[in-house]
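Quick one: the structure is below, questions incoming.
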Amino acid sequence: MPAAISLEECRALAFEALSNAGVSRANADAMADHITRAEADACKSHGLFRLPGYVASVKSGAADPGAEPDVVDMAPGLVSVDGRRGFAPLAIARGRTLLAEKARSQGVACMAIRNAFNFAALWPDIEPLAEQGLVAFTFVNSRSFMAPAGGTEALFGTNPMAFACPRGAGRAPMIFDQASAATARGELQIAARDGHAVAPGAGLGPDGKPTTDPAEILKGVQLPFGGYKGSSIALMVELMTGGLSGGNFGHESAADYKHDGGPSNVAQSFIAIDPVRLAGPGFPAHVEELFERLLSNGEARLPGDRRLAARARTGEEGITVEDTLYATVRELAGRT
Ligand code: NDP
């Protein structure tokens, strides 16, 4: 029987669990916020489900729970952040303010983050930029889990990217956020936990043969979506992250991994663009017309609409948490 809790309770549990593990107030706040936003939007694989992994990476000594990110103003359009082996949510939050200022004053700006532990969903990282009227991209890599198209050995991370477009007054931004793996690793872990098969094409078992058993894929390698096309996107994400930041590529992150079940020391980059500076004041109405055409096209929907519907629901009703996870989270929070 899953537990029913409010979003406030979710945030409090996450904050207490992280604080108990020795995570500093600033880091625990940023991480609890990220986790709660994932739960609010029904992104279960990146909500409380990630909490034990964060705690494990503190216990193993991999991540620095008190790290203060170093934000450097590199150039009129460039921000660089060294996460100093801390967790990504604080590094992102600290750098994003400067990134947004630069994008507004220059029209476009880029931020690269290295040396930060991340295995979160990406849309919460760019939604605040789009809420300020900016078009935004973000890319993050992970330790190697995925073979390139035609390969059998893990090289790339599961390497998601997300894109956000602001909308007219009162509307949440349109955001898509997708792994370049055929199936996000969190989804594989949940399918393995719950004993479900996954769709064909998700990965190869340790014997190098295709399988739909998530437990076998977790022992073997994942595959990109769409064959060589997804593989090229995963390659681009490696170059936009480990490449542009000077941080870890997926295979370098894997070499750094302490086998603690937690996140990896990876890299992330952002591009923020002021669309009204480029396209003029007609930008919001022009994109809205495209969205309306899409929405009147058969069963088509906008990416992110499932999340936003969940957000409206959970704001009223709260969330449910699978019972074993709930017990674990309460224990980590010291609420036995
Ligand atoms: P999904 O395949 O579930 O969804 C990808 C995107 O497609 C979402 O924006 C989703 O919107 C949209 N979408 C889904 N169905 C439709 C549809 N029918 N029409 C239009 N749009 C649609 O996500 P993934 O499994 O690829 O990734 C899940 C999460 O995992 C992401 O948040 C990603 O950032 C995260 N991740 C994190 C990693 C890390 O190391 N940090 C690594 C890999 C993944 P909606 O949400 O509204 O359904």
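Rule-based calculations on the coordinates, nothing more; no lab input. None of these values were measured; they are calculated from a predicted model. FYI the Cβ positions are ideal-geometry reconstructions off the backbone, even for glycines, and counts take in every protein chain you see.
List ILE113, ILE271, ILE190 from most exposed to least, where exposure is judged by having the fewest other Cβ atoms within 10 Å.
Fewest-to-most Cβ neighbours within 10 Å comes out as ILE190, ILE271, ILE113.
Can you run phi through the Karplus equation (6.51, -1.76, 1.60; θ = phi - 60°) for the stretch 17-30 and list ³J(HN,Hα) in whole Hz, with x for Gly and Pro?
Per-residue couplings from phi come out as 4, 5, 4, 4, 7, x, 6, 5, 4, 5, 5, 4, 4, 5 Hz.
Can I ask one more? Skipping prolines and chain starts, which residues have an amide H placed within reach, meaning under 5 Å, of the one on PHE117, given they are 5 or more residues away or on another chain?
GLY86, PHE87, ALA88, VAL266
Continuing with the same structure: Starting from the Cα coordinates of the stretch 222-336, work out the convex hull volume and express it per residue in Å³.
Dividing the Cα hull volume of the stretch 222-336 by its residue count gives 249 Å³.
Let me ask something else. Report the semi-axes of the equivalent ellipsoid for the stretch 140-195 in whole Å, largest first, where each axis is √(5λ) for an eigenvalue λ of the Cα gyration tensor.
Those come to 29, 16, 8 Å.
Right, next: For the stretch 323-329, what does the Karplus curve 6.51 cos²θ - 1.76 cosθ + 1.60, with θ = phi - 60°, yield as ³J(HN,Hα) per residue in whole Hz, taken in order and with x for Gly and Pro?
4, 5, 5, 4, 4, 4, 5
Could you work out the relative contact order of the chain, using alpha carbon pairs under 8 angstrom and six or more residues apart, expressed as a whole percent?
Once normalised by length, the contact order is 24 percent.
Restricting things to alpha carbons, find the Rg to Rh ratio for the stretch 201-240 using the Kirkwood radius for Rh.
Reported Rg/Rh, Kirkwood definition of Rh: 1.06.
Taking N as the number of residues in the chain, what value does Rg over Cα atoms divided by 2.2 N^0.38 Å take?
0.97
Shifting gears a bit: Fewest Cβ neighbours within 10 Å first, please rank MET31, MET111 accordingly.
Sorted ascending by nearby Cβ count, the order is MET31, MET111.
Before rounding to the nearest 500, sum -39500 (n - 2.57) across all DSSP H runs of length at least 4 in the chain and divide by the residue total; then give [θ] at 222 nm in deg cm²/dmol.
-13000 deg cm²/dmol
Given C-alpha coordinates of the stretch 11-155, what is the ratio Rg to Rh with the Kirkwood estimate of Rh?
Answer for the stretch 11-155: 0.99.
If you don't mind, there's one more thing I want to ask. Considering only the stretch 1-119, what is the antiparallel percent among its DSSP beta bridges, to the nearest 5?
Around 40 percent of the beta bridges assigned by DSSP in the stretch 1-119 are antiparallel ones.
May I pose another question? Taking amide H positions as placed in the peptide plane 1.01 Å from N, state which residues far from LEU78 in sequence (5 or more) or on other chains have amide H under 5 Å from it.
CYS110
Moving on. Whole-Hz Karplus ³J(HN,Hα) for the stretch 200-207, in order, using 6.51 cos²θ - 1.76 cosθ + 1.60 and θ = phi - 60°, x for Gly and Pro?
3J(HN,Hα) across the stretch 200-207, in whole Hz: x, x, 6, x, 10, x, x, 7.
Distance between Cα centroids, the stretch 1-62 to the stretch 105-142: provide it in whole Å.
20
Quick one: order PHE176, PHE49 by neighbouring beta-carbon count within 10 Å, fewest to most.
So the ranking, lowest neighbour count to highest, is PHE176, PHE49.
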